[in-house]
Amino acid sequence: MTTRFSLTRTQILAFRRRGSALDERLPTGAGSLRTAAWAGLTDSMPRAALLSIHARVEGTEPATWEDPSLVQLWGPRFSAYVVAASDVAPFTLGRLDEPGPARRNADDIAARMAAVLGGRRMRDREVAGELGIGNAIRYAAPTGTILMRWDGARAPEIWAVPRPDVDPWEARLELARRYLHVFGPSGPAQFAKWAGIGAASGAAAFEGLGSELTPVTTPIGDAWILATDDPTFRAKPGPAARARLLPSGDTYFLLWGVDRELLVTDADHRAQLWTSRVWPGALLVDGEIAGTWRRANERLSIQ
């Protein structure tokens, strides 16, 4: 029988804050931007990724999201993401379907898009119109050959790039490692939900990690962590930041199902944070989510 050691809610949240660089901002630089985007930064709300970077990296400026070390793409769940340029493979090939009709379809759409683009940058709706397939052009994203730039005001501009020279299976394993390093403890079903892949693919990835995983027990059930993260979980938590404004869809609260109960214990408060429509931002105070916030032009309201 596998022995599992127990983790408390306090240990788990402290680990996640450290993994997300939310206790203390990182110094300015490309290395810090990569760390901040270790599990990707959602950008489906215009410039949400910039606000996520601001919560994690010192000296963040309005144009930091356009740093040469970062790129935009359609990542997990085909949402707009900002990731490190050196980490395109796990966020694209790591989500590619297993060999079969779905993968062939993705490769076919990617090839047709590249032909239309012809080395140019075009609006995504223009490419979709040329091909007559609408939003299905996003199915090409997991091939790793399509990048984009979306400023929020107009349709995304997209272009074709060479496919990353990484085996999709190895990219899938790396994506799972990154997920656990930021969202752990967790399990294959939660990983599959977050990545936007099939449950069987998520389970296979966790099985593939093998001895890299350590089984644990949490207040919401059994789960797994990376063995290399074990010492961090056991370490005494450092001081939490006094306050952070996290944007809608920030990595720290990008959770579903029972996982939300661990982060926000009050059911009424969970309903205010994870709404049925566009989520508000989260106010993190002394290590706990203490409220929500929204912005309308120059007005910021906090509840």
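Label the chain by shape, choosing from rounded, prolate and oblate, from the square roots a ≥ b ≥ c of the eigenvalues of the Cα gyration tensor; if a/c is under 1.5 it is rounded, and otherwise prolate applies when a/b is larger than b/c, oblate when it is not. Oblate shape, in that a/c is at least 1.5 and b/c is the bigger or equal ratio. Ranked from largest to smallest solvent-accessible area, with a 1.4 Å probe on the protein heavy atoms, 236, 193 come out as 236, 193.
Filter the chymotrypsin sites (Phe, Trp or Tyr not before Pro) in the stretch 227-288 down to the DSSP loop ones having no more than 12 other Cβ atoms within 10 Å, then list what survives. Could you put the intermediate results ahead of the total?
Numbers: sites: 233, 252, 253, 256, 274; in loops: 256, 274.
Answer by residue number: 256.
In the context of the full set of protein chains, residues of the stretch 120-164 present 51 Å² of accessible surface per residue (probe radius 1.4 Å, heavy atoms only).
Among 20, 6, the sequence by solvent-accessible area, most first, with a 1.4 Å probe is 6, 20.
Determine the per residue accessible area of the stretch 235-284 with all protein chains present and a 1.4 angstrom probe, expressed in square angstrom.
So the stretch 235-284 comes to 49 Å² accessible per residue, rounded to a whole number.
Per-residue surface analysis assigns residue 28 an accessible area of about 100 Å², computed on protein heavy atoms at 1.4 Å probe radius. Taking every alpha-carbon pair under 8 Å whose residues sit at least 6 apart, the stretch 153-266 reaches a relative contact order of 21 percent. Sites listed here are trypsin sites (Lys or Arg not before Pro) in the stretch 211-303 whose DSSP assignment is loop and whose Cβ has at most 12 other Cβ atoms within 10 Å: 242, 277. For the chain, the relative contact order is 21 percent, taking Cα pairs closer than 8 Å that sit 6 or more residues apart in sequence and dividing their mean separation by the residue count. For the stretch 24-129, trypsin sites (Lys or Arg not before Pro) are listed when DSSP marks them as loop and at most 15 other Cβ atoms sit within 10 Å of their Cβ; the list is 120, 121.
Only Cα pairs under 8 Å and at least 6 apart count here; give the relative contact order of the stretch 181-242 as a rounded whole percent.
32
Oblate is the label for the stretch 55-197, because a/c, from the alpha-carbon gyration tensor with a ≥ b ≥ c as root eigenvalues, is 1.5 or above and a/b does not exceed b/c. A straight line joining the Cα centroids of the stretch 50-118 and the stretch 134-196 runs 6 Å. Classify the stretch 152-303 as rounded, prolate or oblate, taking a ≥ b ≥ c as the square roots of the eigenvalues of its Cα gyration tensor: rounded when a/c is under 1.5, otherwise prolate if a/b is larger than b/c and oblate if not. Oblate.
Stretching the chain fully between residue 290 and residue 212 yields a gain of 24.6 nm (0.36 nm per residue, less the alpha carbon separation).
The values are calculated or read from the model by the stated rules, or taken from the named source; none is laboratory data. This one's a predicted model, so the numbers in the text were calculated from it and none came from an experiment. Glycine gets a Cβ as well: all are built from the backbone with ideal geometry, and neighbour counts include every protein chain shown. Note: areas computed on protein heavy atoms with side chains; ligands, DNA, RNA excluded. Shrake-Rupley method; radii C 1.70, N 1.55, O 1.52, S 1.80 Å.
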